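Just below is one structure, and these are the notes that go with it.
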Amino acid sequence: MKRLLLLSVFLALPAVAAPIVSGDGRIVSDYRFRGISRSDAKPAVQGRLGFEFGDVYVEGFASSLKGWGQFGGADVELDVSTGVRKPLGLGMLDVGMTVYNFAGAAGPATVVEGQGRLSGGLGPVQLVAGVAWAPPQRSLATAFDRNGDNLHLWGSVRGDLIGTPLSVNGRIGHSRGSPGLGGAGALLASARAWDWRLGVDYAAGPMTFGAALAGTDLGDRADALLRTPRSGRIAGTGLIFSVGVGF
């Protein structure tokens with residue numbers, strides 16, 4: 001009887017614990033993180049894989065890097081996110097954290113960031129408000145502080161154009177601390193920066209084609225400090241194209 005009970009529990013586990021799996025791969029003409037290019041204003045290859053276990057999720061993200069975004073040697077960024085999503089009123093509350101990894105970078109580069117967001121929608125329009133805080137850590141050190149931090153507030157809107165495969169999206173954010181979560185902080189201690197993105201997507205089955213304008217209000221001096229000798233402007237406004245496939 002005990003063996004039969006154990007067998008029935010074992011057979012029932014996959015139905016209860018089987019996660020919802022999603023993912024996508026894409027090529028972008030420029031990898032921008034909060035308005036600052038981590039691919040030296042050049043193309044990057046990216047991938048995402050996510051698992052949902054009821055209210056809990058785990059997600060991995062990878063992207064190729066170039067120039068300043070390598071933080072002194074990393075060719076690939078590997079991020080891991082986890083959190084919990086819960087209904088809140090007419091919206092959804094998401095609380096979690098992300099670990100940004102830059103294997104091979106010169107000096108401390110891994111960044112841990114706590115995040116929270118509240119999302120909701122009305123018809124074809126989806127609104128999101130979020131906050132992200134990277135507590136004091138050596139990877140965000142500035143010229144005046146061995147343990148820098150960063151607070152990022154942001155909001156986004158996305159709307160489907162009914163009857164068409166098109167959707168439009170916009171995002172605006174504000175960082176206080178180390179913008180870009182990296183070496184910028186060492187040069188621009190306690191910097192404050194706005195970032196923005198305005199884009200359009202075209203869905204064709206599992207394929208998505210996108211175009212967007214993204215940038216920051218960091219001045220020419222900051223842009224000159226961030227870029228490498230052979231790169232273009234990586235903190236100013238730039239046009240980004242993308243093509244991806246998801247499941």
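Overview of values
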{"item": "Inter-label distance, nm, simple model (7 Å from Cα along the C-beta direction), Ile20/Val99", "result": "2.6 nm"}
{"item": "Thr237 long-range amide H proximity, modeled H, under 5 Å", "result": "Thr216"}
{"item": "Whole-Hz couplings from phi, Karplus 6.51/-1.76/1.60, listed for the stretch 201-215; x for Gly and Pro", "result": "10, 10, 9, 9, x, x, 8, 9, 10, x, 9, 8, 9, 9, x"}
{"item": "3J(HN,Hα) from dihedral phi, the stretch 101-112, Karplus parametrisation 6.51/-1.76/1.60, rounded to Hz, x for glycine, proline", "result": "10, 10, 4, x, 5, 6, x, x, 9, 5, 10, 10"}
{"item": "Fully extended contour minus Cα-Cα distance, from Val157 to Ile172, at 0.36 nm per residue", "result": "4.5 nm"}
{"item": "Fraction of accessible area attributable to carbon and sulfur, the stretch 17-57 (%, probe 1.4 Å)", "result": "66 percent"}
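The values are calculated or read from the model by the stated rules, or taken from the named source; none is laboratory data. Remember, it's a predicted structure, so these values are computed and weren't measured experimentally. Neighbour counts run over all protein chains shown; Cβ positions are idealised from the backbone, glycine included. Quick note on the areas: whole protein, heavy atoms, side chains included, nothing else; ligands and nucleic acids left out. Shrake-Rupley method; radii C 1.70, N 1.55, O 1.52, S 1.80 Å.
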